[in-house]
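> Okay, handing you the structure first.
The values are calculated or read from the model by the stated rules, or taken from the named source; none is laboratory data. Source: prediction; values computed, not measured. Neighbour counts run over all protein chains shown; Cβ positions are idealised from the backbone, glycine included.
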Amino acid sequence: MLIVTGTKRSGTSMWMQILTSAGFPAFGEAFPRNWGDTIKDANPDGFYESILRQGIYYRTNPHPQTGAYFFPEQVERHVVKVFIPGLVRTDRAYIGSVVATVRHWREYHDSLERLYAMEDEARQENKGVDVRPPRIPPVYEWWSENYSLIRDIVTRKFRVHVQSYDGLLSNPKKVIENTLEWLGDDEVDVEAAVAAVKPKNRTQKRDDGAEAPEGLSDAAVEAFELLYRTIDERSGLTPALINQLNTVHVELAPKIAAAQKAVSEARAKRRKRPKAEASR
């Protein structure tokens, strides 16, 4: 399979739009469930998500409701969005080529907060719930998932093309032509793929001078910036960079684990509360 991966709000939907326009058959709907009514403004041209965004493994294939099962050889040309945690748990047999997209951590933070605000507003309108659900701080999520992506690439050595969000939007024609050439598929519509990129849909632009979120050390900020710059400049991972990433991960891992635990405990507590109380 052709897998598009990244964090939320990193450009995965844009890559799905690009690759489906190029002619690759896709798993996933443009607007699953009620997303066309609630969060369409976050991705006006569609999200293209399915249950497989959680990974292609025993809990999603066969499908837990229908029992439908697909073999690797049946979906060699299909494109599917799988977020990074799902990629890590995906069976290696289903990983053909991977297009990974990474967005700058500051933009990711702002874009994710905007998406959460849309979700919270829709929740309040539809269910009368005005309490924001517990969530992991976006910068911790950005680091945890992108670090997992790098580790998975190094460990399982699958075929991957890693692209920055900025790089794609700055020169979509060149990036898309190079990516499609790398994929090596002759049955693609390059012009349609390029036309699928709509820079006007971009809602966030980072402020490099803004103060870093609370809890991030100077070393962590430096590592975040260096990782993104390396991807944006396509300069490759060096042993020195990997060591730096590992050092920062040792620093951040306990904080991330504590945040994940706090979210899990808060969700468990909310589930136990009476419905009327939980909606307040």
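> Quick one: in region 138-187, of everything that is touching a residue at least 40 places away in the same chain (Cβ under 8 Å) and of a type in the set (Ser, Thr, Tyr), which residue is nearest to ASP232 (Cα to Cα)?
Taking the candidates together, the pick is SER164.
> (1) more than 15 Å from the chain's Cα centre (by Cα); (2) modelled with pLDDT of 95 or more: which one isn't true of ASP120, the others all being true?
In the conditions (1) more than 15 Å from the chain's Cα centre (by Cα); (2) modelled with pLDDT of 95 or more, ASP120 misses (2) alone.
> So VAL162 ticks every box in (1) within 30 Å of LEU252 (Cβ to Cβ); (2) modelled with pLDDT under 95; (3) touching a strand residue (DSSP E or B) at 6+ places or on another chain (Cβ under 9 Å) but one. Which box is left unticked?
The number of the failed condition is (2).
> Could you say which residue among VAL98, VAL88 is touching a residue at least 40 places away in the same chain (Cβ under 8 Å), within 30 Å of ALA223 (Cβ to Cβ) and not in a helix (DSSP H, G or I)?
On the way: VAL88 fails: not in a helix (DSSP H, G or I).
The conditions single out VAL98.
> Mind checking which residues of region 231-256 are exposed (fewer than 15 other Cβ atoms within 10 Å of the Cβ) and either polar (S, T, N, Q) or touching a residue at least 40 places away in the same chain (Cβ under 8 Å) (or both)?
ARG234, SER235, THR238, ILE242, ASN243, ASN246, THR247
> I would also like to ask the following. Search region 22-44 for residues being under 22 Å from GLU187 (Cβ atoms) and touching an Asp or Glu at 6+ places or on another chain (Cβ under 7 Å), and hand back the single one that is modelled with the lowest pLDDT.
Checking each candidate, the answer is GLY28.
> Residue by residue through region 208-230, note down the ones that are β-branched (Val, Ile, Thr) and farther than 19 Å from TYR140 by Cα.
Start the filter on region 208-230 by keeping residues that are β-branched (Val, Ile, Thr), which leaves 221, 230.
Correct list: THR230 only.
> Considering only residues of region 79-96 that are surrounded by fewer than 19 Cβ atoms within 10 Å (Cβ to Cβ) and touching a Leu at 6+ places or on another chain (Cβ under 9 Å), which is farthest from SER10 (Cα to Cα)?
Looking at the filtered set, the residue picked out is GLY96.
> Okay, moving on. Give all pairs with beta carbons closer than 6 Å in which a residue from region 264-280 that is of a type in the set (Gly, Ala, Ser) and in a helix (DSSP H, G or I) meets a residue that is surrounded by 10 or more Cβ atoms within 10 Å (Cβ to Cβ) and modelled with pLDDT of 50 or more; count only pairs at least 6 apart in sequence or on separate chains.
ALA266/PRO134; ALA278/ARG270
> PHE47 - would you say it is surrounded by 20 or more Cβ atoms within 10 Å (Cβ to Cβ), part of a loop (DSSP other than H, G, I, E, B), modelled with pLDDT under 95 and among the aromatic types (Phe, Trp, Tyr)? Give the derivation first.
Details: surrounded by 20 or more Cβ atoms within 10 Å (Cβ to Cβ): yes; part of a loop (DSSP other than H, G, I, E, B): yes; modelled with pLDDT under 95: yes; among the aromatic types (Phe, Trp, Tyr): yes.
Considered against the rule, which asks whether it is surrounded by 20 or more Cβ atoms within 10 Å (Cβ to Cβ), part of a loop (DSSP other than H, G, I, E, B), modelled with pLDDT under 95 and among the aromatic types (Phe, Trp, Tyr), PHE47 comes out as yes.
> Across region 221-247, which residue is farthest from SER170 (Cα to Cα) among those that are among the aliphatic types (A, V, I, L, M), modelled with pLDDT under 95 and in contact with a helix residue (DSSP H, G or I) (Cβ under 8 Å, 6 or more places away or on another chain)?
Per the criteria, the residue is ILE242.
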